[in-house]
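Take a look at the structure below.
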Amino acid sequence: MILGIPARSRRGGCQDMNVGEAVSPPRIHHQWPPDRLMLERGGFDGATLDQLRRLGHQIQQREGWGNANAIVVTPDDWLDEAADRGGKGVARGF
């Protein structure tokens, strides 16, 4: 799978997903400093947010961000592609 995300973002753990699933999860980002966890608004349920706060995370929710695009070669040698639901790009394989 080829997965591109601008601005040095990383996306891991895509091995067991189809290409659409790989680009669609809600965003989560932590960078220190400042020591805060940025989460995509509406992407995480209340129980998850409560647990993160109990673990000591300071949470900032914001609107979606990112612009992931991915292309994968399927087992039968076709190209499958997907673009981020909130992005401006398009994934195309030739």
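Condition check ((1) surrounded by 14 or more Cβ atoms within 10 Å (Cβ to Cβ); (2) at pLDDT 60 or above) across all residues:
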| site | (1), (2) |
| --- | --- |
| Arg8 | no, no |
| Val23 | yes, yes |
| Arg27 | yes, yes |
| His30 | no, yes |
| Pro34 | no, yes |
| Glu40 | yes, yes |
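Taken over region 70-94, residues that are modelled with pLDDT of 80 or more and in contact with a Leu (Cβ under 8 Å, 6 or more places away or on another chain) amount to 4. The single condition among (1) touching a residue at least 60 places away in the same chain (Cβ under 8 Å); (2) in contact with a strand residue (DSSP E or B) (Cβ under 9 Å, 6 or more places away or on another chain); (3) assigned to a loop (DSSP other than H, G, I, E, B) that Asp80 does not satisfy is (3).
The values are calculated or read from the model by the stated rules, or taken from the named source; none is laboratory data. If you're wondering where the values come from, they're calculated on a predicted model, not measured in any experiment. Counting neighbours? That spans all protein chains shown, and the Cβs are built from the backbone with ideal geometry, glycine included.
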